[in-house]
Amino acid sequence: MINTYSYDPFLPTNYNKQLVQAFQNRYGKLPTEAAGIIFYTLWTLKEALEVSGKNYPNDPLSGDNLMKAFMSLDLTSGPAAETYPSGHIRLAPNGDNLYAQAVALQVQGGKPVLVYPFDKAQAKPVFPRP
């Protein structure tokens, strides 16, 4: 079986390695997709809140000011970007990430392995499924 994910536990960045290690230490397994999504989403929120606080100190939490802050983000480093599969977070006017990317994992030999994107794959996908 191959599944697509919005989080890559094998991403070789410092922050992702720290997240994976902490998760494994606590739960004894790789982070789930939900854990990864929550991590990079909260760090993106932190970045937007900081921008809003800096640019709109009199009303940083208004919806309009927060939206402007989110739309101004172009994250290519730091915890959010280093745990997001493409390593880049920037929102389009409709709120979609311009650099959205999914990964595909397949269980091979009893362990999940990255099989897509092909240039970062740990193994070739096996069909029919093992």
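The values are calculated or read from the model by the stated rules, or taken from the named source; none is laboratory data. Worth saying up front: this structure is predicted, and the values here are computed from it rather than measured. Heads up, the Cβs are rebuilt from the backbone with ideal geometry, glycines too, and the neighbour counts pull from every protein chain shown.
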Practice item. For residues that are of a type in the set (Val, Ile, Thr), surrounded by fewer than 19 Cβ atoms within 10 Å (Cβ to Cβ) and closer than 22 Å to residue 76 by Cβ, tally how many sit in segment 21-50. Key: 3
Revision key, fill the gap. Checking 68, 54 in turn, the sole residue that is surrounded by fewer than 17 Cβ atoms within 10 Å (Cβ to Cβ), in contact with a helix residue (DSSP H, G or I) (Cβ under 8 Å, 6 or more places away or on another chain) and more than 30 Å from residue 115 (Cα to Cα) turns out to be 68
Review point. If you scan segment 92-115, which residues turn out to be under 30 Å from residue 73 (Cβ atoms) and either surrounded by fewer than 16 Cβ atoms within 10 Å (Cβ to Cβ) or β-branched (Val, Ile, Thr) (or both)?
Key: 92, 93, 94, 95, 96, 98, 100, 101, 102, 103
Practice item. Evaluate segment 71-80: report whether one residue or more is out of contact with any Pro (no Cβ under 8 Å at 6 or more places or on another chain), outside any loop (DSSP other than H, G, I, E, B), free of Cβ contacts under 8 Å to residues at least 40 places away in the same chain and more than 23 Å from residue 13 (Cα to Cα). Key: yes
Check your understanding: Do you know which of the residues in segment 118-130 that are surrounded by fewer than 16 Cβ atoms within 10 Å (Cβ to Cβ) and under 19 Å from residue 31 (Cα atoms) is farthest from the chain's Cα centre (by Cα)?
Key -> 122
Study note, to complete from the structure: Scanning segment 104-130 residue by residue, those part of a loop (DSSP other than H, G, I, E, B) and among the hydrophobic types (A, V, I, L, M, F, W, C) turn out to be 121, 123, 126, 127
Practice item. Return the only residue of 21, 101 being part of a loop (DSSP other than H, G, I, E, B) and without any contact (Cβ under 8 Å) to a residue 24 or more places away in the chain. Key: 101
Check your understanding: Does at least one position in segment 93-113 carry a residue that is of a type in the set (A, V, I, L, M), more than 19 Å from residue 32 (Cβ to Cβ) and more than 16 Å from the chain's Cα centre (by Cα)?
Key -> no
Point to revise | Qualifying residue in segment 29-39 (condition: of a type outside the set (S, T, N, Q) and more than 12 Å from the chain's Cα centre (by Cα)) | key: yes
Exercise for review: Please state which one of 60, 85 is within 17 Å of the chain's Cα centre (by Cα), at pLDDT 95 or above and outside any helix (DSSP H, G or I).
Suggested key: 85
